[in-house]
1. Restricting to the range B:206-226, and then to whatever is part of a helix (DSSP H, G or I) and surrounded by 17 or more Cβ atoms within 10 Å (Cβ to Cβ), can you tell me which residue is modelled with the highest pLDDT?
2. Here are some conditions: (1) crowded, with 18+ Cβ neighbours inside 10 Å; (2) farther than 30 Å from residue A:136 by Cα. Residue A:154 meets all but one. Which one does it not meet?
3. Looking at the structure I just gave you, is residue B:30 modelled with pLDDT of 90 or more and either part of a strand (DSSP E or B) or over 26 Å from residue B:177 (Cα atoms) (or both)?
4. Does any residue of the range C:154-174 turn out to be more than 25 Å from residue B:129 (Cβ to Cβ), more than 14 Å from every other protein chain (Cβ to nearest Cβ) and either modelled with pLDDT under 95 or assigned to a helix (DSSP H, G or I) (or both)?
5. Can you tell me how many residues in the range C:49-69 are closer than 28 Å to residue A:259 by Cβ and in contact with a helix residue (DSSP H, G or I) (Cβ under 6 Å, 6 or more places away or on another chain)?
6. Looking at (1) more than 27 Å from residue C:214 (Cβ to Cβ); (2) within 9 Å of another protein chain (Cβ to nearest Cβ); (3) not in a loop (DSSP other than H, G, I, E, B), which is the only condition residue C:148 fails?
7. Would you say residue C:71 is at pLDDT 95 or above, in a helix (DSSP H, G or I) and more than 14 Å from every other protein chain (Cβ to nearest Cβ)?
8. Being at pLDDT 90 or above, at the interface with another protein chain (Cβ under 8 Å from one of its Cβ atoms) and in contact with a helix residue (DSSP H, G or I) (Cβ under 7 Å, 6 or more places away or on another chain) is the requirement here; does residue C:80 meet it?
């Protein structure tokens with residue numbers, strides 16, 4: 001009958017989008033609360049948390065879906081940050097701090113959104129150019145290759161004085177990564193990431209992660225799927241970089257380097273590297289933890305007792321956390337599963353066909 | 001000597017052995033036969049301690065091997081020659097042989113056993129200083145067997161020793177097996193080829209999809225019976241080999 | 001002519017330093033398939049150990065530092081890596097990053113992050129006159145240490161039972177276990193040796209720079225990774241040769257390249273790594289078994 005088939009199709013649609021809605025809604029709610037009630041310092045924490053969400057989701061789109069850990073992903077962020085920064089620093093400023101910049105770029109000043117999109121495009125092209133041989137490597141190869149890629153990017157950025165100002169800090173970037181702006185971009189990124197992983201291409205890639213040989217045997221071209229994921233992933237990382245530059249107002253090659261990259265990997269693993277919800281959860285949880293630790297490490301007083309600040313404690317705690325998760329819960333806090341809101345419909349008594357949840361992937365545990 | 005009781009081994013969610021029980025008495029040659037995926041290698045790997053069962057037990061002389069590490073099981077007198085032999089290609093033949101006896105404390109005994117295996121397989125003596133990777137298939141087979149013997153095992157586990165070898169070499173191998181049996185060694189042998197196994201073994205178990213489908217004395221089982229159990233076909237009366 | 005010869009000795013010395021670093025990484029990789037990023041921290045801790053024990057006569061200082069780093073390495077394995085022994089190599093690499101951060105910041109907590117000066121034995125700053133060439137003692141020290149370490153390793157691997165077991169385990173860990181090799185013992189020994197080699201590198205680096213800082217391990221470990229990859233993962237001789245090449249070529253490029261390009265030198269080195277991984281993943285030297293340990 002027409003009516004019940006419409007209902008069941010609605011239900012099926014709801015089940016399909018539930019995982020990403022289950023991420024976007026809490027984030028937007030949290031942001032609204034923060035915007036309305038939170039002091040500026042908390043608002044800043046929310047902005048950096050969302051920045052981390054974007055970066056970790058970017059990392060997940062490639063490494064989580066393919067199972068291939070890339071240690072150099074932050075390199076895409078670095079390139080993106082510099083491209084966007086160079087496009088948005090006012091021309092007069094550019095003439096002063098980067099006198100040797102090619103005039104085409106020196107006279108350019110783009111609105112932020114355009115600059116972000118250009119940055120994504122440039123990095124996507126870069127990833128497309130160098131990515132294919134790297135995704136075909138096996139074992140520890142991609143880990144080392146991406147690390148090498150990051151080093152190359154770092155060396156170039158730190159030494160190309162004409163374009164990047166070299167090792168010193170590049171200033172003058174417009175600061176317009178406000179809470180509404182970053183929330184909007186976060187929603188866009190989440191939708192893109194989810195759309196990708198539920199697409200045929202994304203699902204093929206996930207299948208290859210679960211069982212490489214089985215996937216190949218049904219005709220999945222694993223390298224091609226990894227390649228596509230790499231390009232999308234790089235674009236998201238670049239966006240994160242651009243937003244990062246527009247948050248700080250300045251850039252330096254040293255900050256967009258190993259420490260930040262490692263933090264991203266940590267967040268993904270803690271949350272659960274195999275799911276989008278895991279990426280978001282990891283970013284949120286670790287960002288909150290980092291902030292709490294930072295306040296602790298800055299020193300505080302309990303009554304008459306003063307606890308002095310100790311540098312390095314925060315990092316030690318995070319490292320131990322990562323090791324514990326790797327040993328005890330390698331699937332992360334979410335266990336590799338997506339947030340599934342389909343139960344809400346069932347509470348209302350709807351009886352529809354149980355559509356397979358495209359986002360659920362179960363971790364296979366080896367007993368050897 | 002060896003008793004496997006209701007052994008259940010899984011790979012992730014997939015059961016490889018469902019509830020396998022078998023017995024090997026001292027000085028016996030017991031054969032286990034079955035198709036690919038029947039669970040033969042899994043059985044030997046579980047006995048040797050590489051795989052941990054989720055249920056059931058393996059008893060050697062009445063003592064459980066269940067939570068023992070492979071390196072301890074070797075010290076109890078069980079030696080496994082795995083599928084495809086796994087000799088150390090980069091090391092010399094002599095070094096491979098030495099590896100077999102390294103865990104033993106009686107250095108004199110080890111030296112004597114080295115002489116013994118070299119007399120058993122004279123061809124290896126020639127290749128002592130050569131890289132093991134350069135030997136032919138049959139020679140590598142001998143090396144793997146000799147290496148296992150260097151540990152002075154009481155129970156020898158062999159996983160498809162004839163795999164990848166030519167018929168003449170396989171013949172030679174089964175002759176060697178006879179010699180070893182006469183020295184008092186107990187052997188548990190896994191093979192795909194039914195004929196060879198029926199000739200060499202005292203008793204035979206047929207594994208199919210992780211379970212024992214048939215067991216009995218080799219002399220009393222007909223090839224047809226075994227093949228039927230092997231493939232899971234209903235045996236027709238009057239069907240000859 | 002003199003300058004070229006002096007560059008040559010310099011290059012050989014740096015090559016020896018990187019060879020030692022590379023072998024240190026290569027040994028652990030061979031046994032466990034773990035590319036140990038924390039090896040840089042072993043080197044850094046070795047340097048801090050030299051600082052801690054610097055009030056003693058230099059022979060004792062060096063000996064104590066060697067033992068200290070070996071101990072730290074074995075403890076690190078026991079506490080962190082043992083639980084992950086059957087994990088795949090990517091997980092292991094991530095965990096080695098975590099260990100690296102942990103060790104580095106433990107040192108930051110203990111010593112603060114400012115670089116500190118290390119008192120060195122007097123002879124380290126001198127130069128010897130050999131055949132009319134002024135050869136810095138640090139260069140000769142590098143060559144001597146490398147030769148001694150490599151000779152000791154050769155004896156260890158060829159003649160000792162533990163060495164034989166380690167070679168077997170590196171080629172086929174499971175088969176070695178089936179022949180009675182105790183996994184824990186072999187892995188601990190590999191880490192201990194890697195710690196000792198790391199400390200040798202610490203001695204050489206501090207002899208050149210005179211300072212220590214918590215981040216000093218990053219560059220050596222990156223270059224060690226480069227060397228091991230170029231020489232062939234899982235192949236110790238390859239690691240040594242790879243290290244030697246990296247050191248040698250670094251000096252050569254410094255001497256030859258115009259100043260504008262020489263700062264990009266590191267980029268070329270890493271480009272070479274990627275090229276090797278793509279076109280000749282088994283490295284420049286043939287190796288025995290480089291597949292993922294199954």
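The values are calculated or read from the model by the stated rules, or taken from the named source; none is laboratory data. Bear in mind that the values here come from a model prediction, so they are computed numbers and not experimental data. Note that we place each Cβ from the backbone using ideal geometry, even for glycine, and neighbour counts take in every protein chain shown.
1. So the residue we want is B:218.
2. (2)
3. Here the answer is yes, as residue B:30 does meet what is asked.
4. Within the range C:154-174, none of the residues are more than 25 Å from residue B:129 (Cβ to Cβ), more than 14 Å from every other protein chain (Cβ to nearest Cβ) and either modelled with pLDDT under 95 or assigned to a helix (DSSP H, G or I) (or both).
5. The qualifying residues number 5.
6. Only one criterion in (1) more than 27 Å from residue C:214 (Cβ to Cβ); (2) within 9 Å of another protein chain (Cβ to nearest Cβ); (3) not in a loop (DSSP other than H, G, I, E, B) is unmet by residue C:148, namely (2).
7. In short, yes.
8. yes
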